[in-house]
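Encoded as structure tokens, the structure appears first; notes follow it.
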Amino acid sequence: MKRKGILVVVSGFSGAGKGTLMKRLVQKYDNYALSISATTRAPRPGEEDGREYFFVTKEEFMQRIAEDALIEYACYCDHYYGTPRDYAQKHLEEGRDVILEIEIQGALKIKNKYPDALLLFVMPPSAAELRRRLSGRGTETKEVIDQRLHRATEEARGIEEYDYIVINDDLDTCVEELHAIITAAHNTPVRNEEFIEKMRRELEGEK
Ligand code: ADP
Ligand code: 5GP
């Protein structure tokens, strides 16, 4: 029976290490397809259009919404972010696990639209370590860091909506944990209904 891809949502406070973790996960295991979002925020030094994000203007973003080309979108700290429909659809159909690294409002929209999606939340080991990582990344101003930490307090209220939390203390351990959770999710009954039905029919035939 063909393996079905899982839509995996990964959220977490800004600076928790999601981007770093996802890069390692897709480098290490080849069954993952990492979706590239569209955003209206400016590229950070080192980011490339079409690699980390599709960097678009607000008008282009609105156009994509009008064309129903995004499966979800949200406004986060004054910028729009959204998930292109085509990429996720194509790779899920091919049986790959598609990873959406998105914030909580988008995650909840996905949960509503795709009840089979697996929702994971990445946590730093402590709030002090989160601030250290955000500042250490050196890509945001003090104001933006404060805005993102404030946003983290709001996001922390929604964590129970997720299926699992993973603590990103040691990077490699966390990558393995993420991989183990996604692997195990393939074996839940709801994701294997076809096989279970086939087995039931066969058992009926054996009577
Ligand atoms: P996010 O995508 O969640 O905003 P990043 O992946 O950009 O976070 O990580 C924020 C910063 O923390 C980066 O400088 C990254 O190198 C660092 N970092 C990520 N994971 C760890 C970890 N396990 N231990 C120490 N530093 C980390
Ligand atoms: P950053 O600016 O740090 O790259 O991303 C800010 C936040 O936007 C992060 O929480 C990230 O997960 C989220 N994000 C990135 N792409 C998307 C998307 O397509 N949709 C939604 N809803 N959030 C996204």
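The values are calculated or read from the model by the stated rules, or taken from the named source; none is laboratory data. Bear in mind that the values here come from a model prediction, so they are computed numbers and not experimental data. Reconstructed Cβ throughout: ideal geometry from the backbone, glycine too, with neighbour counts over all protein chains shown. Only protein heavy atoms, including side chains, enter the accessible area calculation; ligands, DNA and RNA are left aside. Shrake-Rupley method; radii C 1.70, N 1.55, O 1.52, S 1.80 Å.
May I ask you to give the solvent-accessible area per residue for the chain, in square angstrom, as obtained with a 1.4 angstrom probe?
57
Mean-square fluctuation check for the chain, GNM, Cα pairs under 10 Å: which of Tyr80, Tyr114, Tyr162 is largest?
Tyr114
Starting from the residue with the highest accessible area, list Leu119, Leu92, Leu203 in decreasing order, probe 1.4 Å.
Largest to smallest exposure gives the sequence Leu203, Leu92, Leu119.
Would you work out which of Leu70, Gly46, Thr83 lies farthest towards the positive end of the dipole of segment 36-94, given +1 charges on the beta-carbon of Lys and Arg and -1 on that of Asp and Glu, about the Cα centre?
The one lying farthest along the dipole's positive direction is Gly46.
With every protein chain present, what accessible area does Leu171 have (1.4 Å probe, heavy atoms only), rounded to the nearest 10 Å²?
40
Using protein chains only and a probe of 1.4 angstrom, how many square angstrom of Asp170 are accessible, to the nearest 10?
Accessible area of Asp170: about 80 Å².
Can you send over the carbon and sulfur percentage of the accessible area for the chain, probe radius 1.4 Å, protein chains only?
Roughly 53 percent of what the probe reaches on the chain is carbon or sulfur.
Which length gain, in nm to one decimal place, applies between Asp68 and Glu194 when the Cα-Cα distance is subtracted from 0.36 nm times their residue separation?
So the chain would gain 42.3 nm between Asp68 and Glu194.
Separation of segment 4-79 and segment 85-111 by C-alpha centroid, Å?
Cα centres, segment 4-79 to segment 85-111: 10 Å.
In a GNM of the chain with a 10 Å cut-off on Cα contacts, which of Ile145, Ile102, Ile196 has the highest mean-square fluctuation?
Comparing Ile145, Ile102, Ile196 in a Gaussian network model of the chain, the most mobile one is Ile196.
Considering every pair of different Cα atoms, what Kirkwood radius, in Å, is found for segment 36-94?
It is 11.8 Å.
Determine which aspartates and glutamates satisfy two conditions relative to Lys2: a Cα distance under 16 Å, and not lying fewer than 8 residues away in the same chain.
Lys2 reaches Glu93, Glu94, Asp97, Glu193, Glu194, Glu197.
What spacing in nm lies between the two simple spin-label points modelled at Gln105 and Tyr164, each 7 Å away from Cα in the Cβ direction?
Between Gln105 and Tyr164, the simple spin-label model gives 2.8 nm.
Return the single residue from Ala128, Ala33, Ala107 with maximal mean-square fluctuation; model: Gaussian network over the chain, springs between Cα atoms under 10 Å.
Comparing Ala128, Ala33, Ala107 in the GNM, the peak value goes to Ala128.
How large is Rg/Rh for the chain, to two decimals, with Cα atoms and a Kirkwood Rh?
Over the Cα atoms of the chain, Rg/Rh equals 1.01.
Tell me the mean residue ellipticity at 222 nm calculated for the chain from its helices only (DSSP H runs of n ≥ 4, each -39500 (n - 2.57), averaged over every residue, nearest 500).
-14000 deg cm²/dmol
Of the cross-linked pairs Lys18/Lys109; Lys4/Lys109; Lys58/Lys109; Lys90/Lys198; Lys109/Lys142, which ones have a Cα-Cα span greater than 24 Å in the structure shown?
Over 24 Å apart, Cα to Cα: Lys90/Lys198; Lys109/Lys142.
When the solvent-accessible surface of protein heavy atoms is calculated with a 1.4 angstrom probe, in what order do Phe195, Phe61 fall, highest first?
My answer, sorted largest first, is Phe195, Phe61.
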